[in-house]
Amino acid sequence: RNGWAAFERTLVLRCSLAELAESPHSNEPVTIIDPPAWEPLVAELLDIAPDALPRFIERATGYPLPHAGALIRRDGEVVACGVLKLEDDHAGLFALKTAAAWRGRGLGRAVVAALLGEARRRGAATAYLQVTADNGPALALYRRFGFITAYEYWYRGREGEQH
């Protein structure tokens, strides 16, 4: 409208941790560590400069220090990661990523399962995350855990100038 277009449609998903559709257990070894130790290990996978990662996490979570980081390594390289933020009885999952060469092998599922399990152990009742609406594989993964759409949003920009 008037030269503006919607772009990057994003879904906010939520699920009850008491009623997880998929078990939060995996045979895949996932390391859960404190965020200060997690950040430098995942910067390359997230394609963020190590010194910019704390600001990125704070902007994404609205909180300066998340509560737990998760990662999976192969031959010493971090190939999948995610971070957990707890607030009251809500658990937010952020910075979920699997390296392109490792997708489709259950690593993303293992990270999500580990973070949801950690959230439950720490007393969370619900979990939420955000995903772009065009990320079909991630949406399918989250739906298997029982995540449903809470709401959606998008950005607007001048036509041809969307980022």
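Rule-based calculations on the coordinates, nothing more; no lab input. A quick note: this is a predicted structure, and the numbers were derived from the prediction, not measured. Positions of Cβ are generated from backbone atoms using ideal geometry, with glycine treated the same way; all protein chains shown enter the neighbour counts.
Can you give me the distance in nm between label points at Arg144 and Asp88, each placed 7 Å from the Cα along the Cα-to-Cβ direction?
Distance between the two pseudo-spin positions: 3.2 nm.
Subtract the Cα-Cα distance of Arg158 and Ile32 from 0.36 nm times their separation in residues, and report this length gain in nm to one decimal.
Details: separation 126, 0.36 × 126 = 45.36 nm, distance 4.18 nm.
Full-extension gain reported as 41.2 nm.
When only DSSP loop residues count, what GluC sites (Glu not before Pro) in the stretch 55-149 have their Cβ near at most 11 other Cβ atoms within 10 Å? Mind showing how you got there, number by number?
Values: sites: Glu58, Glu77, Glu87, Glu118; in loops: none.
The qualifying sites: there are none.
Taking a quarter of the surface of the convex hull around the Cα atoms of the chain, what do you get in nm²?
On the way: hull surface 41.1 nm².
Hull-based average projected area comes out at 10.3 nm².
Would you kindly state how much longer the chain becomes between Ala99 and Glu8 on full extension, computed as 0.36 nm times their sequence separation minus their alpha carbon distance, in nm to one decimal? Write down the numbers at each step before the final one.
Details: separation 91, 0.36 × 91 = 32.76 nm, distance 2.13 nm.
Once the chain is fully extended between Ala99 and Glu8, it gains 30.6 nm.
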